[in-house]
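Taking it in order: structure first as structure tokens, then the write-up.
The values are calculated or read from the model by the stated rules, or taken from the named source; none is laboratory data. These figures come from a predicted structure and were not determined experimentally. Using ideal geometry, Cβ is built from the backbone for each residue, glycine included, and neighbour counts are taken over all protein chains shown. For accessibility, only protein heavy atoms count, side chains too; no ligands or nucleic acids. Shrake-Rupley method; radii C 1.70, N 1.55, O 1.52, S 1.80 Å.
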Amino acid sequence: MSQKLNNILFFLSGVLCVVVVGILVMAVQTKASQRQNNYEEFTYNEQSNSVGLGNSAEKWQEGDILYQGEYYRYNKNIRTYLLMGIDKDGPAESVESGTNGGQSDAMFLLVVDSENQKLSVISIHRNTMTEIEMYDQNGIYLMTAEGQICLQHAYGDGRKLSCTRTVDAVEKLFTNIPISGYIAINMGAIPTLNDSIGGVEVEVLQDLYYPNKNVNLTQGETVTLSGNEAYCYLRGRDVNDFDSASDRLRREEQYIVAYMNQLKQYASGSASAIVNLYDEVDEYIVSSVDFASLAEELLDYEFSDSIMYTVPGHTQMGEKYEEYIVDEDAFEDLLMEVFYLPVDVQTE
């Protein structure tokens, strides 16, 4: 293996994430950075990274909110699910609770508006700096401190405990907006999910060369990705390039939309086809979601790039690792757009 190839690490992010989204809307419509020094990718900081709407707990329940001169109310018709891609290749297995639960390199919120039959998908950068709970190797709580949100999943058992702790961290980041359930998937499922629906067509966003996987993708070309190509497209990045995680996130977002469109053609309205596909990768998944009921409800929902959002912010170099700093004002705008509805209080 060449030195250049040694410098390029595969990261599980999108793969899992994409797969995660794929699966949810499948069943529904039926490291990421390396393991850096035993998950020590955090910066101690007592200051919270919350935005203005989240200054008090359960802010979303407090009735009407005055925002930029208008009143808004939390949309109680929506349900929100956290989709996670975990940086492990094999089936999802329990580990001793501590620091080995695996990082959630890919994180997306799927927001379902049942009244308007609308979906929204919000991507969360793996390096987003927020408050996370940290534990020692024996699973003993140490402290809550500011760190990359992808690390929260590592502080757990690799299954339910890791997932629920990550849900808690994301809820806090999103000003205590409630999350109805979660889906976490390990990376080994990607080739199967991709190839089982006939591959996914994309216009390549960056050059990707992985000779050991027989993958050579050129920016600008339109290709139908094979399983190995999808795996590399969603995981690969050069850690020597600053903010390469953001480039990978763009590829993941692109792939999700393309995958969903191909999935609809593959399913052709057949819920059983989606369920069968889910069953093929069941061992890679940890989930609290009732796929059957979601599949029945969401099969005909629209899925396009117009429903894709990203937690706004920028990447900067921290003391040791890259940090994604949330733009609080823009984040508030996003929260109001996706989770709240305008209210005319004078007519009530």
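Odds and ends about this structure:
- Segment 160-223 versus segment 71-89: alpha-carbon centroid distance in Å: 16 Å
- Charge dipole of segment 203-282 (Cα centre as origin; +1 on each Lys and Arg Cβ, -1 on each Asp and Glu Cβ, all else neutral): 100 debye, rounded to the nearest 20.
- Stokes-Einstein D in µm²/s, Kirkwood radius over Cα pairs - segment 101-159 at 25 °C with 0.890 mPa s viscosity: 189 µm²/s
- Taking every Cα-Cα distance in segment 135-203 and sorting them into 5 Å bins starting at zero, the pair-distance distribution P(r) comes out as 3, 13, 20, 18, 14, 11, 12, 5, 3, 1 percent.
- Entries in Lys160/Lys320; Lys172/Lys264; Lys213/Lys320; Lys76/Lys172; Lys172/Lys320 that, when Cα-Cα distance is taken, lie over 23 Å: Lys160/Lys320; Lys172/Lys264; Lys213/Lys320; Lys172/Lys320
- Carbon plus sulfur fraction of accessible area for segment 89-187, probe 1.4 Å, in percent: 42 percent
- Over segment 227-288, the fraction of Cα-Cα pairs per 10 Å bin, rounded to whole percents and listed from the shortest bin up, is 18, 36, 33, 11, 2.
- Charged neighbours of Ala189, selected by a Cβ distance under 10 Å, balance to -4 (K, R count +1; D, E count -1).
- In segment 184-327, taking the dipole from charged Cβ atoms about the Cα centre, the farthest positive-side position among Tyr233, Gly199, Pro211 is held by Pro211.
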